[in-house]
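Contents: one structure, followed by commentary.
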């Protein structure tokens, strides 16, 4: 498993993360098996959010109760969670009160004294960055949160926060897969008249911005075709892409899922792949893609097979 120190922190992280959005209805034994497999393949970074689960903090509670980690075991892993989405509404809330209350509730739910990384979930149009800064200062001083970041934020939204927030924003978790890659594809075909691919939908140069500012990009839904539209793996609508993935899987003696993972991890930005599966076997498959050395030609072959234009 490839690891790196996340810029702006002392957190040594794998380039594959286990997201726990879907464990709410799993048994303790199933959660334990998922966790055990993750650790065996080198994944020691676990992603949560306050809104994951049928009830608020539900998946955090399920994780803590199923594993009952000792203090020593807790210190061996990185726990990341998110705040800012209010289910009832729905709406977003980056107020000082909501952020602090959400973190306190996550600490109780996860049965831990500290969160390694706190992300602001989806952008709050009513954000008052001074309020965010006050919350971050208090949480850091109290030892409740070690590091901070955002999710689904544009460069300008990050800049606004950075004007007031003193701590480094070390991560930005955004949707990214082979077939949902505007943060990569728009740059490849920039300034091409009449080509939809050249249009930036996320505020302009998000991936390059994050690289310039030492912000680790975390890719959620890494095998999803679009926005909650199902996986492209094995989908006849993406026959050309699957043919290429299967060919490369045979060359590297692995699976198409591992190659789809490798397409993201091959990028020099040290992008973290956030898995959403609850299947231990798929976790193990994905882990094989951590260090597969796709060549430039192979990477672009996959890119073209997904339907993108390479000028």
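Read-outs: derived from the displayed coordinates by stated rules, not from any lab. Computed from a predicted structure; not experimentally measured. Don't worry about glycine lacking a Cβ; one is built from the backbone with ideal geometry, like all the others, and counts go over all protein chains shown.
Below, the figures for the structure above:
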quantity	calculated
Shape box of the stretch 226-289 [Cα atoms, principal axes, largest first, Å]	30, 28, 25
Most mobile listed residue (235, 28, 116) in the chain, GNM with C-alpha springs under 10 Å	235
Per-pair calculated FRET efficiency, R0 = 22 Å: residue 97 and residue 141 via Cβ, rounded to 0.05	0.80
Sorted by Cβ neighbour density within 10 Å, fewest at the top, the residues 106, 177, 75, 190	75, 190, 177, 106
Hull shadow area, averaged, the stretch 132-189 [alpha-carbon convex hull, nm²]	4.8 nm²
Ranked list, fewest to most other Cβ atoms within 10 Å of each Cβ, for 81, 261	261, 81
Pair-distance profile P(r), taking every C-alpha pair of the stretch 134-251, with 10 angstrom steps and integer %	12, 33, 30, 17, 7, 1
Fewest-first ranking of 6, 1, using other Cβ atoms within 10 Å as the exposure measure	1, 6
Structure-based [θ]222 nm, the chain - -39500 (n - 2.57) summed over DSSP H runs of at least 4, per residue, nearest 500	-11500 deg cm²/dmol
Stokes-Einstein D (µm²/s) once Rh is taken as the Kirkwood radius of the stretch 185-311 over alpha-carbon pairs, at 25 °C in 0.890 mPa s	158 µm²/s
Tail beyond 27 Å, pair distance distribution of the stretch 10-140 (Cα, percent)	19 percent
Per-pair calculated FRET efficiency, R0 = 41 Å: residue 125 and residue 300 via Cβ, rounded to 0.05	0.65
